[in-house]
Amino acid sequence: MEAKRARDSFAVLSSQVMPNDTNNHGTLFGGKLMMYVDNIAAIAANRHARELVVTASIDSVDFLRPIDTQSSVCLEAFVTWTHNTSMEVFVKVIAENLRTGVRMLCTTCFLTFVALDDQGKPTIVPKIIPESEEEKMLYSSAEKRYTQRKNRRGQAKAFTERLSLNKPWA
């Protein structure tokens, strides 16, 4: 399978923040932003794998700056690294005040997607070729994030198994 350039998976989503998208503080709902994040990351993963994909995990998301109704939100995503059937996707969220033109980076996060074949089974994905400085920086640190996710997933499984044994409602 031939490797693909990171930029070939690049995807962008822009949306104006409307009053019905906001919470009681007049800022974009975190859940609405997470929907945008998952959507744009899935598009990037689909572009890379050219297969169906499912979200396997979302790394921690820190909302660094609020996004208000006088803003648009722009999300950029691309695949940074692959491991057999999984892909790490980087998402950058930028808010732009539509009156002043000031743009601010509001959050970044990583998501992991798994490619699926027509039978719903994990399938191999192409490797990544990083070219820009940003792509190379993210690529070089990706294996460490992969190991951290793998460890975190093991801990989450063990925790879940403990919870299922002690059902307070049973």
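The values are calculated or read from the model by the stated rules, or taken from the named source; none is laboratory data. No experiment lies behind these values; they were computed from the predicted model shown. Because the Cβ atoms are built from the backbone with ideal geometry, glycine has one as well, and the counts that use them run over all protein chains shown.
Flag: A56 does not match the condition of being touching a Pro at 6+ places or on another chain (Cβ under 9 Å), over 18 Å from D8 (Cα atoms) and modelled with pLDDT of 95 or more.
Yes or no, residue by residue, for (1) in contact (Cβ under 8 Å) with a residue 60 or more places away in the chain; (2) out of contact with any Leu (no Cβ under 7 Å at 6 or more places or on another chain); (3) under 30 Å from D21 (Cα atoms); (4) of a type in the set (S, T, N, Q):
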{"residue": "V54", "(1), (2), (3), (4)": "yes, no, yes, no"}
{"residue": "I58", "(1), (2), (3), (4)": "no, no, yes, no"}
{"residue": "R65", "(1), (2), (3), (4)": "no, yes, yes, no"}
{"residue": "N97", "(1), (2), (3), (4)": "no, yes, yes, yes"}
{"residue": "V102", "(1), (2), (3), (4)": "no, yes, yes, no"}
{"residue": "T112", "(1), (2), (3), (4)": "no, yes, yes, yes"}
{"residue": "K121", "(1), (2), (3), (4)": "no, yes, no, no"}
{"residue": "K127", "(1), (2), (3), (4)": "yes, yes, no, no"}
{"residue": "E135", "(1), (2), (3), (4)": "yes, yes, no, no"}
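Within region 16-28, the set of residues being touching an Asp or Glu at 6+ places or on another chain (Cβ under 8 Å) and either under 15 Å from L75 (Cβ atoms) or in a strand (DSSP E or B) (or both) comprises V17, T22, T27, L28. The set of residues in region 10-50 being under 27 Å from T80 (Cα atoms), in contact with a Ser or Thr (Cβ under 9 Å, 6 or more places away or on another chain) and among the small types (G, A, S) consists of S14, S15, A41, A42, A44, A45, A49.
One line per residue, one yes/no per condition, for (1) over 11 Å from the mean Cα position of the chain (by Cα); (2) of a type in the set (G, A, S):
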residue: Q70; (1), (2): yes, no
residue: T85; (1), (2): yes, no
residue: F90; (1), (2): no, no
residue: A95; (1), (2): yes, yes
residue: C106; (1), (2): yes, no
residue: E131; (1), (2): yes, no
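Listed by first and then second residue, the pairs with beta-carbon distance under 8 Å, at least 6 apart or on different chains, first residue in region 1-27 and within 16 Å of N97 (Cβ to Cβ), second in a strand (DSSP E or B) and of a type in the set (D, E), are V17/D68; T22/D68; G26/D68; T27/D68. Taken as a whole, the condition of being more than 25 Å from R152 (Cα to Cα), of a type in the set (A, V, I, L, M) and buried (at least 18 other Cβ atoms within 10 Å of the Cβ) does not apply to I40. If you go through region 117-145 and keep only what is among the hydroxyl-bearing types (S, T, Y) and over 10 Å from A6 (Cα atoms), you end up with T123, S140, S141. Taking I43 as the residue in question, decide whether it is under 23 Å from I129 (Cβ atoms) and either part of a helix (DSSP H, G or I) or without any contact (Cβ under 8 Å) to a residue 60 or more places away in the chain (or both). Yes, satisfied. Residues in region 121-134 that are out of contact with any helix residue (DSSP H, G or I) (no Cβ under 6 Å at 6 or more places or on another chain), part of a strand (DSSP E or B) and closer than 15 Å to F78 by Cα: I129 alone.
Of L111, L116, L138, all but one fail to be modelled with pLDDT of 95 or more and under 16 Å from M35 (Cα atoms); the exception is L111.
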